[in-house]
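The structure appears below as structure tokens.
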Amino acid sequence: MPLIGITACRKLEDYRQSVLHVGGEVRMLDPSMTVKEALAGVDGLMLTGGDDVAASRYGEPAHPTLVEAEPGRDEFELALIKDARARDLPILAICRGIQVLNVACGGTLVQDIPSEVSGALPHNLDGPPHQPYSLAHEIWIDKDTLLWKLMRERLSDADSCEVNSRHHQAVKRVAQGFQVAATAPDGVIEAIEDPAARFCLGVQWHPENFFRTGEFRPLFEGFLEASTHS
């Protein structure tokens, strides 16, 4: 069974269950660990949701709406990504995860979608606590991507699907070597991937919330399969 390291956040259980449901084992990673300790024996890295990456990490002043993540989290996750990328460990990055992945690899972020993206759709639609899967908008998936290959059976050969959405930031300038895999109809980037990596995919929505119903199970299956061959 591949061992997946999952970065600590406030709502961990769905991430954990998404890995367990496709046959993986889980190790929780938090900033009290060294990177060496965190990744020892780990076969894949999952980057989870949370508050914002500090704007100083990509050379910009902070927008008034920015809410920085827990102390030490940026430093820890940036270091994890650097080490994981050097070892070509499979990476699945979700919500804040796609943002910190992009920043770690040299990209930048839209700091506040409502004030920076003209005609933006609602991207911060959070339903009641028992309904984290409230659907917000479509995404359009590029067919020449890993994301589409993973999702094509679920999409019935379409190139779009609906996703849940709880974010006010997004990828702006895509890190060198990465490509955009999906966008929302308003142009906001919803997924990026590195085609040169064994498996390196970031998605802006929360596929882990659907572990019971399986709409995005192929993402986790693909991630686990890549991690099995670490």
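The set of residues in the range 18-43 that are more than 25 Å from GLN169 (Cα to Cα) and among the small types (Gly, Ala, Ser) comprises GLY23, GLY24, SER32, ALA38, ALA40, GLY41.
Pairs are defined by a Cβ separation below 6 Å, a sequence spacing of at least 6 or placement on different chains, a first member in the range 213-227 that is over 15 Å from GLU193 (Cβ atoms) and free of Cβ contacts under 8 Å to residues at least 12 places away in the same chain, and a second member that is surrounded by fewer than 20 Cβ atoms within 10 Å (Cβ to Cβ) and among the hydrophobic types (A, V, I, L, M, F, W, C); no pair meets this definition.
Among the listed residues ARG152, ARG198, identify the single one that is charged (D, E, K, R), farther than 22 Å from GLU60 by Cα and touching a helix residue (DSSP H, G or I) at 6+ places or on another chain (Cβ under 6 Å).
Details: ARG152 fails: touching a helix residue (DSSP H, G or I) at 6+ places or on another chain (Cβ under 6 Å).
Among ARG152, ARG198, only ARG198 is charged (D, E, K, R), farther than 22 Å from GLU60 by Cα and touching a helix residue (DSSP H, G or I) at 6+ places or on another chain (Cβ under 6 Å).
Restricting the first member to the range 155-174 and to residues that are under 12 Å from ASP112 (Cα atoms), and the second to residues that are among the charged types (D, E, K, R) and crowded, with 18+ Cβ neighbours inside 10 Å, the beta-carbon pairs closer than 9 Å and six or more apart or on different chains are HIS167/ARG96; HIS168/ASP52; GLN169/ASP52; GLN169/ARG96; ALA170/GLU190; VAL171/GLU190. Given the condition touching a helix residue (DSSP H, G or I) at 6+ places or on another chain (Cβ under 9 Å), small (Gly, Ala, Ser) and surrounded by 14 or more Cβ atoms within 10 Å (Cβ to Cβ), answer yes or no: does some residue in the range 130-137 qualify? Scanning the range 130-137, I find no residue that is touching a helix residue (DSSP H, G or I) at 6+ places or on another chain (Cβ under 9 Å), small (Gly, Ala, Ser) and surrounded by 14 or more Cβ atoms within 10 Å (Cβ to Cβ), so the answer is no. Criterion first (surrounded by fewer than 15 Cβ atoms within 10 Å (Cβ to Cβ), of a type outside the set (A, V, I, L, M, F, W, C) and in contact with a Phe, Trp or Tyr (Cβ under 9 Å, 6 or more places away or on another chain)) does PRO207 satisfy it? Criteria not met by PRO207. For the range 157-180, the criterion of a residue being surrounded by 15 or more Cβ atoms within 10 Å (Cβ to Cβ), touching a Phe, Trp or Tyr at 6+ places or on another chain (Cβ under 6 Å) and at pLDDT 95 or above is satisfied by no position. When the residues of the range 80-126 are filtered to those that are surrounded by fewer than 17 Cβ atoms within 10 Å (Cβ to Cβ) and modelled with pLDDT of 95 or more, the one that is farthest from TYR15 (Cα to Cα) is GLY106.
Counting only residues that are out of contact with any Leu (no Cβ under 6 Å at 6 or more places or on another chain) and either among the charged types (D, E, K, R) or surrounded by fewer than 17 Cβ atoms within 10 Å (Cβ to Cβ) (or both), the range 42-53 holds 1 of them.
Does VAL171 satisfy the criteria of being farther than 17 Å from LEU146 by Cα and under 15 Å from the mean Cα position of the chain (by Cα)? The answer is yes for VAL171.
Which of the residues belonging to the range 181-223 are basic (Lys, Arg) and either more than 20 Å from LEU135 (Cβ to Cβ) or at pLDDT 95 or above (or both)?
Matches in the range 181-223: ARG198, ARG217.
The values are calculated or read from the model by the stated rules, or taken from the named source; none is laboratory data. Every value quoted in this text rests on a predicted model; they were computed, and no experiment measured them. Cβ atoms come from the backbone with ideal geometry, glycine included; neighbour counts cover every protein chain shown.
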